[in-house]
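For reference, the structure discussed in these notes is given below.
The values are calculated or read from the model by the stated rules, or taken from the named source; none is laboratory data. The model shown is predicted, which means the values in this text are computed figures rather than measured ones. As a convention, Cβ positions derive from the backbone with ideal geometry for all residues, glycine included, and neighbour counts pool all protein chains shown.
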Amino acid sequence: MFFNPFGLFFLFIFFILFFILFTFIQLGLITVAFERIGLSESQTLGFLLLSLLGSSINIPVKRVELAPPELPDEKVRFYGMIYNVPQKPRGHMVVAVNLGGAMVPFILSCYLMVKNGIFIEPVMATLLVASITYFLAKPVPGVGIAMPVFIPPLIAAVVSFLLGSGPHAPAIAYIAATMGTLLGADIFHLKDIEKIKAPMVSIGGAGTFDGIFLAGIIAVILA
C-alpha cells in the first residue's frame, strides 16, 4: 500500500469537501438521502469520512509493462558491421484500487444487498448502468477516465423505479450508480489503460472518484 504523491494536497481539499458535506448533513440533505438506504446519521458521517480519507489511498494490485513504441529498430554501423538496436520500452504502469472510490462503495453495496435481501435487481441495474457508462467514458491521456457526471445516477434512478422494488428502490439506485460507474468507467476500460500514459492508473480514483461519489448520492435522492 502506498500514498498518492499528491496525497497531502488532496487530503487538504477533501477535508474542505468534508466540511461542506458535514454542513449538508446538518441541513439534512445527505442524511435524508442515506436514511432511505438504511444508514443512520452517524453511519452516514462515518461513510463520508472514510470515503474522503480513503480517496488518497491507492492499493497496487498489478504492474503492467508497457509495450515499446511502434518504431523500427535503430540501425548502428560499428566497424563495418550493422547492428539493430531495439527501441526501449516506455517503462511500466501500476494498476491500483482506490480505497475511498472503489472499496468503500463496494463494501457498502454488498452490505445493502445482504441487509435488504436483494440480489437480482441490483445486478441487473448495475449491468445496465455499466453498459451505458462504458460507452460514455473515454480515456484521456495524462488525466484518466472522463465521463459525464450526472448520467449514471439518472440512469440508475430510472432503472430502480422501473424495476418496481418499492422501499428497496433507493438501495438499488445507489448500488447501480456506484458499481455501474466503477465497472463501466474503470474496470471495463482496463484494456485502454496504455492510452492514459500515466505511471499509475487507480480504479475508482482521480476523476472517477467524484463521479462515483456523486452518482451514489444523486441516485438515492432521485430514486
Picking from Ala185, Ala156, Ala171, which residue would you name as being hydrophobic (A, V, I, L, M, F, W, C), surrounded by 24 or more Cβ atoms within 10 Å (Cβ to Cβ), free of Cβ contacts under 8 Å to residues at least 60 places away in the same chain and assigned to a helix (DSSP H, G or I)?
-> Ala185
One residue from Gly207, Gly144, Gly166 being modelled with pLDDT under 75 and either crowded, with 19+ Cβ neighbours inside 10 Å or more than 16 Å from Thr133 (Cβ to Cβ) (or both) = Gly144
Has segment 131-141 got at least one residue that is buried (at least 16 other Cβ atoms within 10 Å of the Cβ), modelled with pLDDT of 75 or more and within 30 Å of Gln43 (Cα to Cα)?
-> yes
Selected residue (only one of Ile107, Ile118 is not in a helix (DSSP H, G or I) and not small (Gly, Ala, Ser)) | Ile118
